[in-house]
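Trainee: Structure provided below as structure tokens; questions to follow.
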Amino acid sequence: MQKAINIGLAAAIVVLGAGLAYSIASRPQSGMTAAEIEAIVAQAAGAQPAAETTPEVQAAPIDTATIGPVIEDYLLANPRLLERMSIELQAQVSAEEGERARIALAALEEEIYNDPANIVLGNPDGDVTIVEMFDYNCGYCRQVVADVMALVEEDPDLRVILKEFPILSQASVDAARIAILVGRSDVSYQDFHTELFATPGEIDTQAALAAAESLGLSRVSLELEMGAPDVSDALQRTYTIAQALGISGTPTFIIGDEVIPGALPKVELLRRVENMRECGDTLCDGTGQDGSTYGG
């Protein structure tokens, strides 16, 4: 999002320049007060509605040789203007992204929360749900395992949905296939999940089979079933959700109407859960999504 903001800010400066150019070219250039220039800047930046102009004024020629120094002088004298514009632009971008996420999440509610391949930890009927999309070879995913499991143990009203989202390697895909089969069995997926993340080195088919076998499952049966079409379909459904939501990294959390990329620490997860209970949103101050991320 930062790249988009930087590009947008550059565009805003161009718009600002165009607004100053237009206004200065369409009136005498001497005698303009700071207040008048500030009003022009505010109008160019979109903070104020543009005044109605006649076709004759709109067609006024622009003296670029004179306009450039005026713009430069004003910006140098008012450097905080760009900061204010950047903050406003970031707020607008965050609001737009939040609205797009809300629309997409509403359209995908059934696929996200009621997929038969979902692994549900904690209270299946909990009043707040955290969805985590993860890859077993993701270092940041490994980093948040203890925090997520702690929330499951500490909060009796929390539901956590784990979605296999292997994107880093073929080894990740193979491990996810085994994990889906483990999720269908009678053994504890939570134990499998934590043991596999605690396994050193690359997590591949053999690592996943070893973790499953330690819980009493048949290595041979799992290896024979891991390529089944229904296993592939379960992975594809998660990829489809990720594409629709613009998710390209792990871990990614979904809480309420917020899609949160990165390794969110326990304190931030807890804050969002508490806010969901308090006001039905991840933020309760009326400012919308703040875009805070941790990790990558």
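Trainee: Where a ≥ b ≥ c are the square roots of the eigenvalues of the C-alpha gyration tensor, would you call segment 160-240 rounded, which needs a/c under 1.5, or, failing that, prolate if a/b is larger than b/c, or oblate?
Mentor: Rounded shape, in that the Cα axes give a/c under 1.5.
Trainee: When a/c reaches 1.5 or more, the comparison of a/b and b/c decides; with that in mind, is segment 132-178 rounded, prolate or oblate per its Cα gyration tensor?
Mentor: Judged from the Cα gyration tensor, segment 132-178 comes out prolate (a/c at least 1.5, a/b above b/c).
Trainee: Grab the other residues whose beta carbon is less than 14 angstrom from that of THR250, score K and R as +1, D and E as -1, and report the net.
Mentor: Net local charge, THR250 excluded: -1.
Trainee: In whole angstrom, how far apart do the alpha carbon centroids of segment 196-215 and segment 111-125 sit?
Mentor: A separation of 23 Å, based on Cα centres.
Trainee: Can I ask one more? When a/c is below 1.5 the answer is rounded, else prolate if a/b is larger than b/c, else oblate, so apply that to segment 193-282 with a ≥ b ≥ c taken from the square roots of the Cα gyration tensor eigenvalues.
Mentor: Since a/c reaches 1.5 and a/b is larger than b/c, the shape of segment 193-282 is classed as prolate.
Trainee: Filter the GluC sites (Glu not before Pro) in segment 178-284 to those in DSSP coil with at most 15 other Cβ atoms within 10 Å of their Cβ, and list the result.
Mentor: GLU202
Trainee: Please give the residues of segment 166-182, grouped as numeric ranges, whose backbone N is less than 12 Å from a label point set 7 Å along the Cα-to-Cβ vector of ALA228.
Mentor: Backbone N within reach: 178, 180-182.
We did not get these values from a lab; they are worked out from the coordinates using the rules stated. Worth saying up front: this structure is predicted, and the values here are computed from it rather than measured. When we count neighbours, we look across all protein chains shown, and the Cβ atoms used for this are built from the backbone with ideal geometry, even at glycine.
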